[in-house]
Protein chains: 2
Amino acid sequence: MADARTARSRAAKGRAAKDPAAQAPTAKGRATRARIVEGAAEVLREQGVAFTTLDDIRSRTGTSKSQLFHYFPAGKDELLLAVAQFEADRVLADQQPHLGQLDTWECWQQWRDLVVERYERQGDHCPLGSLFLQVGRSSPGARAIVTELMRQWQEHIARGIRTLCANGLVSPALDADRTAAALLAGIQGGVTIMMSTGDSTHLKAALDTGIEHLRRTAVA
Amino acid sequence: MADARTARSRAAKGRAAKDPAAQAPTAKGRATRARIVEGAAEVLREQGVAFTTLDDIRSRTGTSKSQLFHYFPAGKDELLLAVAQFEADRVLADQQPHLGQLDTWECWQQWRDLVVERYERQGDHCPLGSLFLQVGRSSPGARAIVTELMRQWQEHIARGIRTLCANGLVSPALDADRTAAALLAGIQGGVTIMMSTGDSTHLKAALDTGIEHLRRTAVA
DNA sequence: TGGAAAATGGACCGGCAAGTCCAGACTGAG
DNA sequence: CTCAGTCTGGACTTGCCGGTCCATTTTCCA
């Protein structure tokens with residue numbers, strides 16, 4: 001619902017979120033700000049961006065309208081962006097420690113299970129995907145958040161592949177980065193499809209096929 | 001922007017789009033309806049669902065408010081759903097004739113190029129993905145459209161794999177459906193990532209790795 | 001050709017949700 | 001203690017946008 005409305009006002013004021021010291025000066029303020037972001041994240045997961053109003057967030061977090069605008073002067077978009085960053089940070093954190101330790105086939109399998117489990121539990125709302133529709137590709141911040149998340153995620157996977165390679169488990173001829181990119185795409189697509197259809201078959205197929213592809217190169 | 005607003009009114013009236021003979025009785029009516037859907041699709045692609053109002057569509061299609069509600073009595077959601085169906089139909093059609101003729105490696109390559117080209121051209125708005133956020137998983141129709149699209153798409157790919165198999169180009173031991181699901185997930189994810197980051201690397205990696213995976217089983 | 005059904009134009013309504021504002025309560029450094 | 005800066009409450013404004021309504025024109029077919 002923000003949409004055009006929000007776009008208008010955003011253009012009108014043109015203030016952007018400043019990353020450095022965006023936190024409030026006092027401890028109480030910082031706590032409130034954090035409460036808002038976390039509460040907003042909850043609400044957004046439950047209802048989806050399109051159906052969430054500032055009042056929903058306000059009541060969930062036990063804050064007042066003025067607090068929302070005190071901590072996020074640029075309004076809803078700025079808050080949404082903060083939530084997006086919050087969620088993006090969770091994505092990789094939730095995959096640890098496995099994602100950082102992809103050195104044996106067993107680890108890969110555990111990571112695979114973790115990813116499936118995590119997204120099956122998440123249900124049918126992608127906090128990051130939806131954020132996009134609201135803020136739009138036009139936003140400088142939004143794209144950066146996702147791009148960085150993808151970069152790190154892919155880097156973790158690629159590192160895992162290189163570790164396998166170093167351990168002699170896969171062929172050195174394998175292009176680790178490209179394979180990691182493909183696997184990441186498979187995960188993304190699997191999740192997307194699961195969101196839409198409620199079926200995790202594709203996610204599992206993507207992960208299993210991707211890992212199998214790796215395993216197969218061991219022979220080569 | 002419809003969102004809560006639309007949800008409210010949708011609940012209030014509760015009418016649904018009736019598929020059979022949803023077309024207007026007269027030729028002129030049918031033409032107008034089609035013009036609306038096509039025009040709406042254009043606008044939605046350009047601006048994204050979140051930023052598109054009925055007035056945008058109205059002015060683009062040269063129609064009046066009453067026409068919109070005449071052809072889509074349930075309002076914006078019904079129109080959005082019609083556009084979704086329209087776009088969904090395009091997705092597979094745009095991949096023909098290659099998608100239906102995946103019987104040689106060359107065909108697969110041509111199809112791969114077509115998919116990459118199609119989505120690179122499409123730019124950064126996924127008409128179907130966004131439709132979801134607006135109408136939501138709760139909608140009976142929306143999920144059905146995507147589920148059916150995925151089913152058909154996957155079926156086409158799987159059939160291609162079986163053809164390769166019949167031609168002795170890949171191992172009969174290969175699970176065609178699972179492999180097709182994985183490849184489809186890769187495409188979806190590649191497109192998603194491209195939408196967000198503007199980079200088609202992942203899409204290409206997913207397609208190439210998937211096809212390479214197929215090729216490799218030829219040996220086994 | 002007449003009249004019923006369909007199609008169209010466009011003024012109007014109502015409510016909702018983002019954003020504003022100011023008064024008052026807290027906090028913390030000097 | 002005190003006072004400047006921060007934080008909080010909540011009433012209020014604004015204008016957008018989905019949806020309604022009815023008058024008018026066009027189409028169709030008997």
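The values are calculated or read from the model by the stated rules, or taken from the named source; none is laboratory data. Note that this is a predicted model, so its numbers are computed, not measured. Note that each Cβ is placed from the backbone with ideal geometry, even for glycine, and that neighbours are counted across all protein chains shown. Please note that ligands, DNA and RNA were not included when accessible areas were found on the heavy atoms of the full protein model with its side chains. Shrake-Rupley method; radii C 1.70, N 1.55, O 1.52, S 1.80 Å.
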For this session: Inspect all residues belonging to the stretch B:172-181 and state whether any of them is more than 17 Å from the chain's Cα centre (by Cα), open to solvent by less than 60 Å² (accessible area, probe 1.4 Å) and of a type outside the set (A, V, I, L, M, F, W, C).
Result: yes
Problem set entry | Residue in the stretch B:151-165 that is farther than 18 Å from A:Thr201 by Cβ, at the interface with another protein chain (Cβ under 9 Å from one of its Cβ atoms) and in contact (Cβ under 8 Å) with a residue 12 or more places away in the chain present | no
Problem set entry | Unmet criterion (only one of (1) within 15 Å of DNA strand C (Cβ to nearest atom); (2) touching a residue at least 24 places away in the same chain (Cβ under 8 Å)) for B:His70 | (2)
For this session: Kindly list the number of the only condition in (1) in a helix (DSSP H, G or I); (2) open to solvent by 30 Å² or more (accessible area, probe 1.4 Å) that fails for A:Asp103.
Result: (1)
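Yes or no, residue by residue, for (1) assigned by TED's automatic domain parsing to the domain that holds A:Ala41; (2) touching a Pro at 6+ places or on another chain (Cβ under 9 Å); (3) among the aromatic types (Phe, Trp, Tyr); (4) at positive phi:
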residue	(1), (2), (3), (4)
A:Gly62	yes, no, no, yes
A:Ser66	yes, no, no, no
A:Tyr71	yes, no, yes, no
A:Ala74	yes, no, no, no
A:Asp77	yes, no, no, no
A:Asp89	no, no, no, no
A:Ala93	no, no, no, no
A:Gln96	no, no, no, no
A:Leu99	no, no, no, no
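State whether the residues of the stretch B:47-62 include one that is more than 11 Å from chain A (Cβ to nearest Cβ), within 16 Å of DNA strand D (Cβ to nearest atom) and crowded, with 22+ Cβ neighbours inside 10 Å.
So in the stretch B:47-62, the residues more than 11 Å from chain A (Cβ to nearest Cβ) come out as B:54, B:57-62.
From what's left, within 16 Å of DNA strand D (Cβ to nearest atom): B:54, B:57-62.
Then drop every residue that is not crowded, with 22+ Cβ neighbours inside 10 Å, which leaves B:57.
Yes, the conditions are met somewhere in the stretch B:47-62.
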Exercise. Just checking, how many residues over the stretch A:124-145 are without any contact (Cβ under 8 Å) to a residue 24 or more places away in the chain, open to solvent by less than 30 Å² (accessible area, probe 1.4 Å) and assigned to a loop (DSSP other than H, G, I, E, B)?
Worked result: 1
Exercise. Within the bounds of the stretch A:194-208, is there any residue that is farther than 9 Å from B:Ala185 by Cβ, open to solvent by 20 Å² or more (accessible area, probe 1.4 Å) and among the aliphatic types (A, V, I, L, M)?
Worked result: yes
For this session: Collect the residues in the stretch A:197-220 that are touching a residue at least 40 places away in the same chain (Cβ under 8 Å) and facing chain B (nearest Cβ under 7 Å), keeping them in residue-number order.
Result: A:Leu203
For this session: Inspect the stretch B:115-131 for any residue being at the interface with another protein chain (Cβ under 7 Å from one of its Cβ atoms) and of a type in the set (Asp, Glu) and give the result as yes or no.
Result: yes
Exercise. Any residue at all in the stretch A:84-96 that is of a type outside the set (D, E, K, R), out of contact with any helix residue (DSSP H, G or I) (no Cβ under 8 Å at 6 or more places or on another chain) and not in a helix (DSSP H, G or I)?
Worked result: yes
Problem set entry | Single condition A:Gly168 does not satisfy, out of (1) open to solvent by 10 Å² or more (accessible area, probe 1.4 Å); (2) touching a helix residue (DSSP H, G or I) at 6+ places or on another chain (Cβ under 8 Å) | (2)
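Provide a single number: the residues in the stretch A:159-175 that are of a type in the set (Gly, Ala, Ser) and touching a Leu at 6+ places or on another chain (Cβ under 8 Å).
First, pick out the residues of the stretch A:159-175 that are of a type in the set (Gly, Ala, Ser): A:160, A:166, A:168, A:171, A:173.
Filter once more, keeping what is touching a Leu at 6+ places or on another chain (Cβ under 8 Å): A:160.
So the answer is 1.
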Seminar exercise, completed: Within the stretch A:176-208, residues touching a Leu at 6+ places or on another chain (Cβ under 8 Å) and of a type in the set (Ser, Thr, Tyr) come out as A:Thr179
Seminar exercise, completed: Within the stretch B:68-77, of all residues that are more than 14 Å from chain A (Cβ to nearest Cβ), out of contact with any Lys or Arg (no Cβ under 8 Å at 6 or more places or on another chain) and not in a loop (DSSP other than H, G, I, E, B), the one farthest from DNA strand D (Cβ to nearest atom) is B:His70
For this session: Test A:Glu148 against the stated conditions and say whether it is more than 18 Å from A:Gln101 (Cα to Cα), at the interface with another protein chain (Cβ under 10 Å from one of its Cβ atoms), in contact with a helix residue (DSSP H, G or I) (Cβ under 9 Å, 6 or more places away or on another chain) and touching a residue at least 12 places away in the same chain (Cβ under 8 Å).
Result: yes
